[in-house]
Amino acid sequence: MLQTLALLPLLTLLPCYILHPSLAISNAETGPDIRWWCNRTPYPNSCTHSMGHLAHASHVEESHIHHMSIQVALDHAVQARARAIGLGLMNLDKHEQSAWSDCIELYEATVQQLDLTLRLNPLNPSSHSDERSWLSAALTNLDTCRTSFSEVNVSVSTIEPLLTNVSELISNSLAIIRLVRWHAHGPGFGPTHSIRSGHRQEGPWADPYAFPPARHQEGSHNRGFPDWLLAEDRKLLEVSEREEMEADLVVAKDGTGDFTSVGKAVDEASKGGGNKRIVIYVKKGVYEENVNVEMRNLMLVGDGIGKSVITGSKSAGGGSTTYNSATFAVTGERFMARGITFRNTAGPAKHQAVALRSNSDLSVFYQCSFEGYQDTLYVHSLRQFYRECEVYGTVDFIFGNAAVVFQSCNIYVRRPMSQQKNTITAQGRTDPNQNTGISIQYCRVRAAKDLRPAQNSFETFLGRPWKENSRTVYMETYMDDLISPAGWLEWSGGFALETLFYGEFRNTGPGSNTSKRVKWGGYHVITDPSAASEFTARNLIAGEMWLPSTGVPFTLDL
């Protein structure tokens with residue numbers, strides 16, 4: 001799809017009117033004009049400039065402004081991607097080449113996500129969640145590109161012109177989408193209301209998107225399965241190590257399978273193409289390799305935590321970008337894993353070193369572990385779910401800008417380097433209209449074995465704001481006595497303390513006492529269950545739409 005898009009001429013605006021007569025502009029004095037819409041976006045100048053052809057229309061239909069805001073973002077993204085590819089012809093050193101490679105991959109994803117958004121069927125029950133998720137990811141991709149260049153000490157001015165305008169247009173699209181929804185459905189929504197700040201009329205955590213009921217019944221151990229999972233393979237998610245494993249491909253370190261390398265098995269699976277589901281069984285063993293999964297509908301099943309281990313040692317300290325340091329990276333949608341340990345052994349002195357990075361939409365990790373120090377688990381973007389997993393790390397070891405829910409997981413804080421402070425999360429939401437955030441529900445936060453003897457020598461915090469609109473909530477989670485009374489840590493001075501959203505709801509344990517927590521404007525002790533419900537699997541990741549079909553245990557609500 002991406003290669004096809006690259007060959008297409010830039011989309012012009014006139015064909016949109018020919019192909020979509022319903023998008024025609026009305027000159028009747030019956031509603032807002034383009035200035036009304038643009039003045040309620042984060043970047044009014046970019047909005048009016050990009051849609052200047054509408055300047056003389058006295059009324060612009062909601063469906064038209066909605067469609068055109070995404071169309072112009074896509075047009076500009078296609079142009080910027082072509083210019084970014086041109087940068088590769090310059091004389092770049094190894095580190096610059098690494099950042100450039102990240103950006104090309106991320107721009108390809110952005111163009112694809114904008115195109116998918118443009119093609120959405122509004123009658124599809126999941127279209128509202130899909131739309132915001134894909135636009136949120138498209139914006140996150142560009143921010144990651146910017147970060148990759150800064151990490152290798154290349155002036156961001158080299159790439160900034162290719163990012164800023166497209167980022168602003170995507171932000172405007174997110175704002176317009178929410179504005180259209182509020183205009184149509186929001187209680188008390190009036191023509192003077194602005195969502196430039198991203199604040200919701202029903203409170204700082206409320207979301208105007210209501211997901212229609214699914215046909216599945218909720219259950220904490222629902223065992224429905226997706227269309228792409230054949231009936232004979234359903235047992236793979238529930239198989240015990242004593243049962244005989246059936247899979248499309250088998251990886252075995254001792255040579256008794258189809259491959260001795262996970263990466264080679266993934267490469268073979270990718271040759272199949274289409275939408276066919278592929279199951280790879282990874283037998284007990286330690287596989288030292290870096291794996292990149294681009295195909296959709298891949299399932300990886302191992303023999304259990306600590307038994308089937310995929311390990312690597314790439315790191316920022318070793319010359320990689322954070323994005324490219326992942327031992328295991330997955331971008332293909334609907335990825336599933338069970339019983340696998342993902343590990344990065346670079347160590348704390350190498351700084352950012354990712355064990356797993358997921359850009360996989362509607363992905364599930366069940367009974368897996370993620371082991372590292374700084375930046376262990378990169379929940380980069382899109383909708384993700386983790387159940388009964390273990391996460392080990394020190395600094396910002398659950399980070400990124402996905403919409404992600406962790407349920408019944410164990411979070412183990414390790415011993416950091418001297419003078420370091422432990423921070424569990426570093427959520428990276430840059431735009432208040434992104435539907436992203438980290439939700440940690442029914443989990444346990446404890447010191448790992450190496451930290452316990454020295455626990456009093458190192459402060460441990462629930463998180464810190466990586467980006468301006470960082471959003472993280474702990475709900476009904478046990479916190480041991482390693483958590484600092486303040487709870488949360490600044491990133492740099494007063495940065496983001498008023499614009500972030502950090503919440504705690506009905507947590508337990510000696511570290512859960514909120515009486516001495518930070519007094520930031522963005523910090524909340526949540527007492528209302530309806531407010532906390534915005535961070536459940538039902539609402540944060542639209543779980544009712546897809547979790548019942550994955551076959552893993554889950555809880556949609558509190």
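Readers should treat all values here as calculations from the given coordinates under stated rules, not as data from a laboratory. Keep in mind the model is a prediction, meaning the values are calculated, not measured. Cβ coordinates were reconstructed from backbone atoms using ideal geometry, including for glycine residues, and neighbour counts include every protein chain displayed.
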Give a quick list of trypsin sites (Lys or Arg not before Pro) in the stretch 482-558 that DSSP marks as loop, anything other than H, G, I, E or B, with at most 12 other Cβ atoms within 10 Å. Lys516, Lys519
Just to confirm the filter: which trypsin sites (Lys or Arg not before Pro) across the stretch 273-345 are DSSP coil and have at most 16 other Cβ within 10 angstrom of their Cβ? Lys276, Lys284, Lys307
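Sort Leu451, Leu540 so the one with the fewest other Cβ atoms within 10 Å of its own Cβ comes first.
Leu451, Leu540
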Among rounded, prolate and oblate, which fits the stretch 433-558 when a ≥ b ≥ c are the square roots of the eigenvalues of its C-alpha gyration tensor, a/c under 1.5 means rounded, and a/b larger than b/c means prolate? oblate
In the structure displayed, which of Lys283/Lys307; Lys94/Lys314; Lys253/Lys314; Lys314/Lys421; Lys421/Lys449 lie more than 19 Å apart, Cα to Cα? Lys253/Lys314; Lys314/Lys421
Euclidean distance of C-alpha centroids, the stretch 348-390 and the stretch 64-94, integer Å: 29
Taking R0 as 41 Å, what's the FRET efficiency between Glu476 and Thr260 from their Cβ-Cβ distance, rounded to 0.05? 0.45
Going from the fewest other Cβ atoms within 10 Å to the most, one would list Tyr502, Tyr442 as Tyr442, Tyr502
So Leu558 and Glu490, fully extended at 0.36 nm per residue minus their Cα-Cα distance, gain in nm 21.6 nm
Diffusion coefficient, µm² s⁻¹, Stokes-Einstein with Kirkwood Rh over alpha-carbon pairs of the stretch 309-416 at 10 °C and 1.306 mPa s: 121
Can you give me the distance in nm between label points at Asp528 and Asn275, each placed 7 Å from the Cα along the Cα-to-Cβ direction? 4.1
Would you mind classifying the stretch 265-335 by shape? Square roots of the alpha carbon gyration tensor eigenvalues, ordered a ≥ b ≥ c; an a/c under 1.5 is rounded, otherwise it is prolate if a/b is larger than b/c and oblate if not. oblate
Taking 0.36 nm per residue of sequence separation and subtracting the Cα-Cα distance, how much length would be gained by fully extending the chain between Leu120 and Ser150, in nm to one decimal? 7.3 nm
What is the extension gain from Arg506 to Gln97, computed as 0.36 nm multiplied by their sequence separation minus the C-alpha to C-alpha distance, in nm to one decimal? 142.5 nm
Order of His49, His67, His380 from fewest to most other C-beta atoms within 10 Å? His49, His67, His380
Under 10 Å from the Cβ of Ala532, count the other residues' Cβ atoms, weight Lys and Arg +1, Asp and Glu -1, and hand me the total. -4
In Å, what Rg and Dmax follow from the Cα atoms of the stretch 349-481? 13.7, 43
Val156: net charge of surrounding residues, Cβ under 13 Å, Lys/Arg +1, Asp/Glu -1, itself excluded? -3
